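Okay, so here's the structure we're looking at.
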Amino acid sequence: MSALVTPTDAVAAVRRKIDQKWAEAVCAEHGVGDHVVFSVPLRPGVSTGKAVERLGYAAWYEWHMRWREFSERLPTGVELVRKAVTIRGVAGDFPAMLHADMDGGVTLVTDARTSAAPPAVDISRAHALASALRSADAILTPATLRAVYRLQANDVEVLLSAVTWLHQHPDAGAWTLRQLPVPGMHTKWLDTHGALLRDVAGRDVRDEVRPRLAVMHLTYVDPDHAASGRRRHDAWTTGDTHDIAYRPGVVLVVENRDSRLWFPSVRDTIVVEGGGKAAAALLANVPWIRTADHVVYWGDIDADGYAILDQFRAALAEPFPDGAPAKPVTSILMDATDLHRYARHGINHDQAGRPIQPSPTALPHLTEAEATAYNTIATAGPTPFRRIEQEVIPLAHAAARLMQIVKGRTSGGGH
């Protein structure tokens with residue numbers, strides 16, 4: 001600002017201060033924190049007659065007249081503070097500071113005569129949200145108010161319902177995350193807004209709920225097991241009393257059911273259906289997967305497939321709770337060579353006919369060859385295709401590649 005701040009500049013400064021501190025001001029008006037006043041100095045460094053003389057009496061007079069006219073229409077909640085200055089031996093009170101509370105400041109900057117842009121935030125909505133949070137006995141702070149303000153209206157309703165439900169249920173241990181009977185809430189909502197719910201409720205329901213047991217479908221592909229006439233397809237649940245038919249030396253995790261059900265015979269191997277993006281959480285702590293000599297992943301050549309591989313590899317890179325070491329994960333049919341080999345099967349639209357979108361997500365746990373393929377199909381720029389579905393690749397090719405890994409004849413895909 002110049003040494004003499006005009007009414008227009010002062011109003012613009014008030015607007016900037018409201019944009020910066022609106023949450024603190026609204027919270028204060030709802031009993032949280034100290035009262036906020038937006039203050040703008042109007043003549044910084046100009047407090048003596050000599051300072052006025054240096055500026056020029058004409059400029060000083062014009063500035064004073066503009067403030068005299070402007071001060072006649074200040075709204076309630078806005079105060080013009082005057083302080084004495086002696087000019088040529090004559091003392092007088094001149095504008096020195098503009099103070100505004102929240103309501104007065106909003107009225108000031110939204111007055112058409114000030115030609116100022118309105119605040120970036122709808123203060124009426126902010127007040128309504130603060131009242132709603134207080135009524136729900138939620139934790140109101142400037143940070144939580146800012147976060148709630150960014151929500152869509154339906155998400156605000158779910159948040160308030162969740163806070164109320166949590167107050168009514170001090171122990172959420174009887175439900176899983178998917179079972180929480182909060183109106184409008186679903187698991188993806190908690191994935192996105194769980195941290196905010198924790199902040200406004202004062203407790204993290206995600207840590208309280210009953211754990212969801214890992215349930216996986218698997219296929220025994222060991223030829224000796226098949227010859228025994230025992231069941232080929234099975235299911236395994238964390239904590240259940242049954243066990244698998246044999247302890248595998250090789251575990252192959254696949255994405256699609258057809259790839260599991262019809263996988264060819266491979267000695268000492270179990271094929272597990274991964275369950276999409278839940279694979280990392282469901283499978284990473286299964287003991288017999290951790291103890292296998294080889295853990296291998298095969299998924300679609302698309303953004304989701306590589307994201308699942310990245311998450312699965314990261315999860316198994318952490319030591320097991322019982323002290324077992326980290327387990328490396330190898331991939332098959334997911335590197336740059338495979339991308340080009342099966343390019344004739346590439347597609348650009350999903351099952352509903354919608355274009356498959358690029359992915360900006362960084363995947364740090366991919367190998368160089370996998371990352372090259374991922375970057376090719378996930379790029380925001382032009383690309384021949386964005387997906388090769390697992391099912392179109394012959395299972396015999398997958399079995400052959402798996403055997404190469406088991407026999408140590410390939411160095412690709414490990415991490």
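The values are calculated or read from the model by the stated rules, or taken from the named source; none is laboratory data. Everything quoted here is computed from the prediction, not taken from an experiment. Glycine gets a Cβ as well: all are built from the backbone with ideal geometry, and neighbour counts include every protein chain shown. With ligands, DNA and RNA removed, areas are computed over all heavy atoms of the protein, side chains included. Shrake-Rupley method; radii C 1.70, N 1.55, O 1.52, S 1.80 Å.
Any idea what the relative contact order of segment 251-339 is, in percent, if you count C-alpha pairs under 8 Å spaced at least 6 apart?
29 percent
With label points built 7 Å along Cα→Cβ from the Cα atoms of Ser131 and Thr187, find their separation and express it in nm.
3.8 nm
For a Förster distance of 60 Å, can you work out the FRET efficiency between the beta-carbons of Lys50 and Ser124, rounded to the nearest 0.05?
Using R0 = 60 Å, I get an efficiency of 0.80.
Using a Debye calculation, one point per C-alpha and no hydration shell, please list log10 I(q)/I(0) for segment 154-218 at q = 0.12, 0.22 Å⁻¹ in order.
Once normalised to I(0) and log-transformed, intensities are -0.29, -0.88.
Restricting things to alpha carbons, find the Rg to Rh ratio for segment 273-378 using the Kirkwood radius for Rh.
Working: Rg = 14.7 Å, Rh = 14.6 Å.
Using only Cα positions, Rg/Rh for segment 273-378 is 1.00.
So, R0 is 25 Å and r is the distance between the beta-carbons of Asn348 and Ala400; what FRET efficiency does that work out to, to 0.05? Provide the component values of the computation, followed by the final result.
Details: r = 29 Å, r/R0 = 1.14.
Efficiency, from the Cβ-Cβ distance: 0.30.
Between Asp224 and Leu261, 0.36 nm times their residue separation minus their Cα-Cα distance comes to what?
Roughly 11.6 nm would be gained on extension.
Considering only protein heavy atoms, with the full assembly of protein chains and a 1.4 angstrom probe, order Ser135, Ser161 by accessible area, largest first.
The ranking, largest first, comes out as Ser135, Ser161.
Give the long-range amide H neighbours of Val253: residues separated by 5 or more places, or on another chain, with amide H under 5 Å away, using H modelled in the peptide plane at 1.01 Å from N.
Under 5 Å from the amide H of Val253: Val272, Val296, Tyr297, Trp298.
Grab the Cα-Cα distance for Asp234 and Arg68, subtract it from 0.36 nm times how many residues apart they are, and report the gain in nm with one decimal.
51.1 nm
Give, to the nearest whole percent, the P(r) tail of the chain beyond 39 angstrom, counting all Cα pairs.
Of all Cα-Cα pairs in the chain, 48 percent lie more than 39 Å apart.
Taking a ≥ b ≥ c as the square roots of the eigenvalues of the Cα gyration tensor of segment 361-401, is the shape rounded (a/c under 1.5), prolate (a/b larger than b/c) or oblate? Mind dumping the intermediate values first?
Values: a/c = 3.02, a/b = 1.52, b/c = 1.98.
Note, shape of segment 361-401 comes out oblate.
Could I have the simple spin-label model distance between His99 and His169, label points 7 Å from Cα toward Cβ, reported in nm to one decimal?
Result: 5.0 nm between the two label points.
So, R0 is 25 Å and r is the distance between the beta-carbons of Arg150 and Gln357; what FRET efficiency does that work out to, to 0.05?
Given R0 = 25 Å and the Cβ-Cβ separation, E is 0.60.
About the Cα centre, and with charges only on the beta carbon of Lys, Arg (+1) and Asp, Glu (-1), how big is the dipole of the chain? Nearest 20 debye, please. Walk me through the numbers on the way to the answer.
Values: 44 positive and 47 negative charges, 150 e Å.
The dipole of the chain has a size of about 720 debye.
If you average the alpha carbon positions of segment 61-140 and of segment 258-278, how far apart do those two centres end up, in angstrom?
With segment 61-140 and segment 258-278 each reduced to a Cα centre, they are spaced 68 Å.
So, by mean Cβ neighbours within 10 angstrom, what's the order for 139-151, 93-105 with the highest one leading?
Working: 139-151: 17.9, 93-105: 20.1.
Most protected by this proxy first, the peptides run 93-105, 139-151.
For segment 1-150, what class follows from the C-alpha gyration tensor (a ≥ b ≥ c being the square roots of its eigenvalues): rounded when a/c is under 1.5, otherwise prolate if a/b is larger than b/c, else oblate?
Prolate, because a/c is 1.5 or more and a/b exceeds b/c.
Stretch His30-Ala143 to full length: gain in nm at 0.36 nm per residue minus the Cα-Cα span?
Net length gain for the segment: 39.2 nm.
Give the residue from Val254, Leu333, Ile123 lying farthest towards the positive end of the charge dipole for the chain; charges sit on Cβ (+1 for Lys and Arg, -1 for Asp and Glu) and the dipole is referred to the Cα centre.
The residue sitting farthest along the positive end of the dipole is Ile123.
What whole number of Å gives the distance from the Cα centroid of segment 342-404 to the Cα centroid of segment 161-233?
29 Å
Could you list, bin by bin from short to long, the percent of Cα-Cα pairs of segment 67-223 in 10 Å steps?
Calculated over all Cα pairs of segment 67-223, the distribution is 9, 26, 18, 15, 13, 9, 5, 3, 1, 1, 0 percent.
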